1. Suppose the filter is assigned to a strand (DSSP E or B) and more than 10 Å from chain A (Cβ to nearest Cβ); does residue B:11 pass it?
2. Filter the stretch B:23-39 for residues that are more than 10 Å from chain A (Cβ to nearest Cβ) and open to solvent by 60 Å² or more (accessible area, probe 1.4 Å); which is nearest to residue A:78 (Cα to Cα)?
3. Name the single residue that is farthest from the chain's Cα centre (by Cα) among those in the stretch A:32-48 being crowded, with 24+ Cβ neighbours inside 10 Å and of a type in the set (S, T, N, Q).
4. Report yes if residue A:219 is surrounded by 15 or more Cβ atoms within 10 Å (Cβ to Cβ) and part of a strand (DSSP E or B), otherwise no.
5. Enumerate the pairs (first residue in the stretch A:193-221 and at positive phi and without any contact (Cβ under 8 Å) to a residue 40 or more places away in the chain; second residue anywhere and among the polar types (S, T, N, Q) and assigned to a loop (DSSP other than H, G, I, E, B)) with beta-carbon separation below 8 Å, excluding pairs fewer than 6 apart on the same chain, so at least 6 apart or on different chains.
6. Is it true that residue B:120 is in contact with a Pro (Cβ under 9 Å, 6 or more places away or on another chain), at pLDDT 90 or above, open to solvent by less than 30 Å² (accessible area, probe 1.4 Å) and more than 22 Å from residue A:22 (Cα to Cα)?
7. Between a residue in the stretch B:141-167 that is within 9 Å of chain A (Cβ to nearest Cβ) and surrounded by 15 or more Cβ atoms within 10 Å (Cβ to Cβ) and any residue that is assigned to a helix (DSSP H, G or I) and among the hydroxyl-bearing types (Ser, Thr, Tyr), which pairs come within a Cβ distance under 6 Å, given they are 6 or more apart or on different chains?
Amino acid sequence: MGNTITEKILMAHTDLKEIRAGQLINAKVDIALGNDITAPIAIKEFQKAGGKKVFDKNKVVLVLDHFTPNKDIDSAQQCKFVHEFAMEQQVTHFYEGGQVGIEHALLPEKGIVLPGDLVIGADSHTCTYGALGAFATGVGSTDLAAVMLTGELWFKVPQSMKFIIKGKMPKWVSGKDLILNIIGRIGVDGALYKAMEFAGETIGKLPMADRLSMANMAIEAGAKNGIFAPDAITKEYVEPRAKRPYKFYSSDADAVYSDTIEIDAGKLEPQVAFPHLPSNVKGVSKARNIKIDQALIGSCTNGRIEDLRIAAAILKKRKAASTVRLIVVPATPDIYKQAIKEGLIEIFMNADAVISPPSCGACLGGHLGILAEGERAVATTNRNFVGRMGHPQSEVYLASPAVAAASAILGRIASPEEL
Amino acid sequence: MILKGKVWKFGDNIDTDAIIPARYLTTSDPQELAKHCMEDADPAFITKMKPGDIIVGGENFGCGSSREHAPIAIKAAGVSCVVAKSFARIFYRNSFNMGLPIFESRELMGAIKDGDEISLDSAKGIITVTKGNKIFSSNSIPPFMEQLISDGGLMKHIGKKRKESRV
């Protein structure tokens, strides 16, 4: 009986010779991440436990990306606390001010997370790095404190679900649409405690940006991690960025899966998740006449340069409807600079978009784009829970950058085909 | 330990944004977070509940973000434990790690209404609905998790292990 890629990576971080789903293990961690919301609790727990030095200053990553640029005095205090800890500990990968990118776009871009790594982050979307063929999972602040202290953490080896994607994706259908469709099929707890492994001919050709969007939303189906077997596309992405060795793992042919689900991507249209669950998914053709007040293009799900290129291609020589606030959030400083270089920012500004600094703010209803009572947004983000982006009586519809851009122009949820 | 209190029922997929909305995450002070516990699921919850009360949830309780502020807010509000049909993964981990007692029971939800009193024997996993003396058992907890609870959470567990390895 063989092993899945998830089991193999976990096993490689223990002294065990064999590993099976359901087993509780203690594993060594390659990278541990915290942000301005979750790190303060972790640091306090670390100090309370008598921690003096983090286990490895090159393996602890701190990114102040949620309530930054500091939105108020309380959030400034939280950032200052993390800043002081990072300085004291001489944390190599500490990002604040103009170096801040949204963590799950920033870490892959900087080559901090690599294939074969075991990554934990006190942020649920840490599962994003599975796109690179790493085992990456979101944990809480106490878990982060434990890793900062010992370099290790307990894990239950998850069962794996296999998603085999076939068929040629139609125009305007992206990785975001695939993952929304999957969450719509299996529900917000459809992969609870499990690994979601994405495979099949369509995945083999899927660009890295799309893979990152898909792995990012594995948590929205309750999964422990999402994962792609690394291949030539992974190598092309990782090779120029890596500053240390990395390893490709893949599942054995006789690996055991709890479920195998096949999806024909050729039959999909762009997908929209209606309020108030990411699983409340319909095709965009069934989302007509839903007027919007805001369109948000960005986040750890869809704020990469490829996403901005798609949105710009649609918004070029067009304007957002006068009733819509269009907000574009380049996810990292490098993406922002590249978007300026390619003229994308000018296209967005000519379309009356507000350009936000890289920040998680609007996505989690923190700042930089909050919804009022009764307002409705289409967003390329990952969650549409009650009150997620602002007032408890506001609504969020999740979609791809293409749908968000088209919707901004028409003032209602729309497919780019309608333009 | 016997936990006894009135129950407050919530539905399926109660997410961490509903338990403690992100707008309050500019602090990690438990007492501040407690003021907004369950606010976007039931704005009146914090004024209605009494210390020792019990939250009963449906499927996938605590889904969404990894914020440990969610179990912290529940614990600091004085809720003695949460019983749900199932828990989201990170919330489950966080609760054991920081010491909020949680129990899985698929049957309890259907047998109670808001305000009913239940008692819970945490060691035996036995839940008793006071009125009518209906008895349910919660799912068993893996031995490692029991160890976490008896040591007082993950950090204390690690502290104990480190001490032992130095002896």
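1. Taking the combined requirement at face value, the residue does not satisfy it.
2. B:31
3. A:38
4. no
5. Final answer for the pair search is A:193/A:159.
6. Yes.
7. The qualifying pairs are B:154/A:142.
The values are calculated or read from the model by the stated rules, or taken from the named source; none is laboratory data. Small disclaimer: the values here were computed from a predicted structure and weren't measured. Note: ideal-geometry Cβ built from the backbone for every residue, glycine included; neighbour counts use all protein chains shown. Please note that ligands, DNA and RNA were not included when accessible areas were found on the heavy atoms of the full protein model with its side chains. Shrake-Rupley method; radii C 1.70, N 1.55, O 1.52, S 1.80 Å.
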